[in-house]
Amino acid sequence: MKQPAFLLLILGVLGTSSAHAADPLASMNSWVEGQLSTHAGAPAAYVFLFLGGLLASLLPCVYPLYPITASIVKGRATPGGARWPHPLAYFAGLALVYGIFGLIAGVSGGAFNSVLRLPAVNLGIALLFLVLALATCGLLHLPLFSGGSVGDKTPGLPGTFVMGMGAGLLSSSCVGPFVVSILIGIASGGAGGFAIGPALIAAAKMLSFGLGLGTTFLLIGLFGVRLPKSGAWMAKVQWALGVLILWFAYVYLEKGLSGCGFETSATQLVFAGALLLLFAVYQMQPEEMLPDRRTGRALNALMAVVAVLALARGILPGGMTSTAQPPQAQNGPKTEQHGTLVWFLSREDALAEAKAQGKPVFVDFFGTWCSNCKAFEHLTQTDEALAKALSSAVLLKIRDTDPQFKIWQADSRFPELKVGLPFFVIMDASGNLLYKTSDYTRTDEMVLFLEG
């Protein structure tokens, strides 16, 4: 592989910025919440979920996956063979991802979300995305993505199926608020404990959404855009997909390292250093060696460095030093300040202050691994209307690592906490619920309830 191509992969990811389609997502999120609450147990719910998935497939942030889908299906189709096998395998893989989401939510009742918050799990997912990105760019060979038998160079259906699952994972980040609405409905409807019936119903609901979302992909694969003949353009699309997958590797790396006490700037340096190490070791291998073998050796070198650093962090003096801030004095309520806003850290202190001043309480459930939590924290300091409204309320911040978090999570009024973060609540001074949302972009609604 040419040097500029490998450098392009690095620079493409380091220069990527998140794009949000907040308004369409907010509208669709409200729509699906309303339909689920009205038709939660009826067959019509599955129809609405299918239609919701179909609408979600039209969001602008899903568009980049369409040419990728077309190129994958075209590139993997058997010359002269039937048109439908690979598009159907891709479609089935994409839809199955959402069925698995629903099954996990129905079986675990939110326990799986707790597992996903573990730093080690997020670091493992980051490594998986790194390997998939390198494989997508042709720098690493994964047998699953080739033919089904030795010597068979025809791409196999299992590989197409896995690629469809990858598209489902990538699209889930775009339609996240939409998916969360469904999972919240599933979590709130659970009776506790494992039951095969509710678990299968939960899987079927999410599968309905996935089938709707995947329909556009299926149509593109079967009848879609006319593409030029194979050539250099396919390599560019392949590398574009590699950059997209590598960006997700960074997202999960940030989640994992933030749980270990790393700041965002430190995570960026770690990611850049890892990519540069991969590139350097790759270039050190003999040029006559196959690219996938050179990449494999580079990955082994990276894993060796990670292992050494992990051992050093655990063994050397100071390796287990806590990154937590020193405890505050106990002669007053515990608080912390962000910008001009002061946040209480105890529910009792916040409610006592609210009763004394006759103000509402705004609760921000926060996780250091949660990128949207951090985005909202930034909004509290940059959105003047939001900051003004928050200053007129008593503010309470509950971290997911705080023992109080489990008490809130057990409250039947807040099934959202079983699904994930962020989550925001507005209560009166007596603790009565006034408003709640998992969408950090609904600042207008927050301001309305705070000033109402």
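What follows is calculated from the coordinates using simple rules that are stated; it is not laboratory data. Remember, it's a predicted structure, so these values are computed and weren't measured experimentally. Positions of Cβ are backbone-derived with ideal geometry, glycine not excepted, and every protein chain shown enters the neighbour counts.
With +1 on the Cβ of every Lys and Arg and -1 on the Cβ of every Asp and Glu, and nothing else charged, how large is the dipole of the stretch 335-451 about its Cα centre, in debye rounded to the nearest 20?
Dipole about the Cα centre, nearest 20: 240 debye.
Just to check I understand the Karplus step: with θ = phi - 60° and J = 6.51 cos²θ - 1.76 cosθ + 1.60, what whole-Hz values come out for the stretch 260-265, glycine and proline as x?
9, x, 7, 7, 4, 4
Can you tell me the relative contact order of the stretch 388-439? Whole percent, Cα pairs under 8 Å, sequence separation 6 or more.
20
For the peptides 340-347, 285-292, what is the packing order when you average, over each peptide's residues, the other Cβ atoms within 10 Å and list the highest mean first?
Descending mean neighbour count gives 340-347, 285-292.
Rank the residues M165, M284 as a footprinting-exposure proxy: fewest other Cβ atoms within 10 Å of their Cβ go first.
By the 10 Å Cβ count, ascending, the order reads M284, M165.
Beyond 31 Å between alpha-carbons counts as too far, so tell me which of K255/K397; K205/K359; K359/K406 fall in that bin.
Working: K255/K397 19 Å; K205/K359 40 Å; K359/K406 25 Å.
As for pairs spanning more than 31 Å Cα to Cα, those are K205/K359.
Would you mind checking which residues have amide H under 5 Å from F423's amide H? H placed 1.01 Å from N; only 5 or more apart, or other chain.
For F423, whose amide H was placed from the backbone, the distant partners under 5 Å are F365.
Mind checking which of L351, S391, V419 is farthest towards the positive end of the stretch 335-451's charge dipole, using Cβ charges of +1 (Lys, Arg) and -1 (Asp, Glu) about the Cα centre?
Value computed over the given set: V419.
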